[in-house]
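Got a structure for you, written out below as C-alpha cells; questions coming shortly.
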Amino acid sequence: MGNADHIKRNNWLQRLTGLWRGMLLTLSYTIRRGKRKNAGPKSDQYFEQVQGTVTLQYPHEKLPVPENGRYQLHVEIDDCIVCDLCAKICPVDCIDIISIKSVEDMGKTSDGTTKRLHAAKFDIDMGKCMFCGLCTIVCPTECIIMTDEYDRSFSDPKELIYPFSFMTEAEAEEKRAALAKSEAEKKAAKEAALKAAQEAKKKAEDQ
Ligand code: SF4
Ligand code: SF4
C-alpha cells in the first residue's frame with residue numbers, strides 16, 4: 001500500500017471515529033434527559049440543579065435576572081418633576097430633557113411631590129447609556145428605574161433613543177405661549193402696583 005493510500009485510510013478512520021463519538025454523546029444526553037427533573041427558569045432550584053433543563057423556549061422562557069441588575073431604563077413620566085438631576089449626573093449625556101414652567105397647578109406625584117414643570121422632551125439614548133445607574137440614584141421621586149428587560153432589539157440605531165414624553169411641538173408651543181403671557185401679566189401687575197405706590201407716596205408728601 002502506498003503512502004497516499006495510507007493517509008486516505010487514516011482520514012476516513014478519523015472521520016468515522018469522530019462521527020461515532022458525536023453520536024454517542026448525543027445518545028448519552030438523550031438517555032440522561034429522560035431522567036432529569038424539569039426545573040424551568042422560574043423554579044427556585046434552577047441554578048442549583050446541575051442536571052436541570054438546558055434548553056429554554058426563548059423568548060417565551062428566559063433565565064431569571066438579579067433584582068439589582070442594570071438593564072433597560074424606564075421613566076414613569078407622571079411621577080417625574082422634570083428636575084433635570086438625572087440628566088446632569090449622567091456621565092455620557094444620554095438623557096435629553098426640555099422643561100417648560102407650568103402656569104397652572106400640575107398636581108402631585110405618587111409620593112406627594114408638587115409638580116411645577118412640564119417635560120416637553122424626555123429622551124434617553126440607550127445606545128450611549130453605560131448602565132452606571134447614577135440617574136436612578138439621584139432621582140428624588142424614584143421615577144427613573146432600571147427594568148429587568150435586557151433583550152430589546154432594533155434594526156435602526158435611532159430606535160435606541162427612547163422617548164418618555166409625548167408632548168407634541170404644538171402643545172409645547174402652547175405651554176410656552178401661556179407661560180410668556182402669564183409672566184407678562186405678572187410683570188405688568190407688578191409695575192402697576194409699584195406705580196400706584198409711588199403715586200400714593202407722592203400724594204402723601206404733597207399734603
Ligand atoms: S445609567 Fe448612567 S449612563 Fe445610563 S442614563 Fe443613567 S446616568 Fe446615564
Ligand atoms: S431625576 Fe427623576 S424627577 Fe428629576 S428629571 Fe430625572 S427622572 Fe425626572
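Please treat every number below as a calculation from the coordinates, not as lab data. From a predicted model like this one, the values you see are computed outputs, not experimental measurements. Neighbour counts run over all protein chains shown; Cβ positions are idealised from the backbone, glycine included.
Starting at the first residue of region 171-182, write each ³J(HN,Hα) from the Karplus equation 6.51 cos²θ - 1.76 cosθ + 1.60 with θ = phi - 60°, in whole Hz, x for Gly and Pro.
Taking θ as phi minus 60°, the curve returns 5, 5, 4, 4, 5, 5, 5, 5, 5, 4, 5, 4 Hz for region 171-182.
Summing -39500 (n - 2.57) over the DSSP H runs of n ≥ 4 in the chain and dividing by its residue number, what mean residue ellipticity at 222 nm do you reach, to the nearest 500 deg cm²/dmol? Kindly include the intermediate steps, with their values, before the conclusion.
Details: 4 runs with 81 residues, N = 207.
Only helices count here, giving -13500 deg cm²/dmol.
Then there's this: For the pairs Lys101/Lys175; Lys121/Lys187; Lys128/Lys158; Lys101/Lys158, note any where the Cα-Cα span goes beyond 18 Å. Write out the running numbers ahead of the final one.
On the way: Lys101/Lys175 8 Å; Lys121/Lys187 28 Å; Lys128/Lys158 11 Å; Lys101/Lys158 29 Å.
Where the Cα-Cα span goes over 18 Å, the pairs concerned are Lys121/Lys187; Lys101/Lys158.
Sticking with this structure for a sec: Looking at Tyr71, Ala188, Ile100, which one has the Cα that reaches farthest to the positive end of the dipole of the chain (charges on Cβ: Lys, Arg +1; Asp, Glu -1)?
Tyr71
Ok, one more. When only alpha-carbon atoms count, how far does the chain stretch along each of its three principal axes, as whole angstroms with the largest first?
136, 44, 27
Another one. Under 18 Å between alpha carbons, and skipping anything fewer than 8 positions from Lys42 in its own chain: which lysines qualify?
Lys62
Also: So what J values fall out for region 15-31 if you push phi through Karplus, 6.51 cos²θ - 1.76 cosθ + 1.60 with θ = phi - 60°, rounded to Hz, Gly and Pro as x?
Result, ordered by residue: 4, 5, 5, x, 4, 5, 4, x, 5, 4, 4, 4, 4, 5, 5, 4, 5 Hz.
Could you tell me the center-to-center distance, by alpha carbons, between region 190-207 and region 114-177 in angstrom?
51
Which value in nm describes the separation of the simple spin-label points at Lys158 and Ala184, placed 7 Å from the Cα toward the beta carbon?
My value for the distance between the label points is 3.6 nm.
If you wrap a convex hull around the Cα atoms of region 132-185, how much volume per residue is inside, in Å³?
145
Right, something else. Please get the size of the charge dipole for the chain, origin at its Cα centre, with Cβ charges of +1 on Lys and Arg and -1 on Asp and Glu, quoted in debye to the nearest 20.
It works out to roughly 1240 debye.
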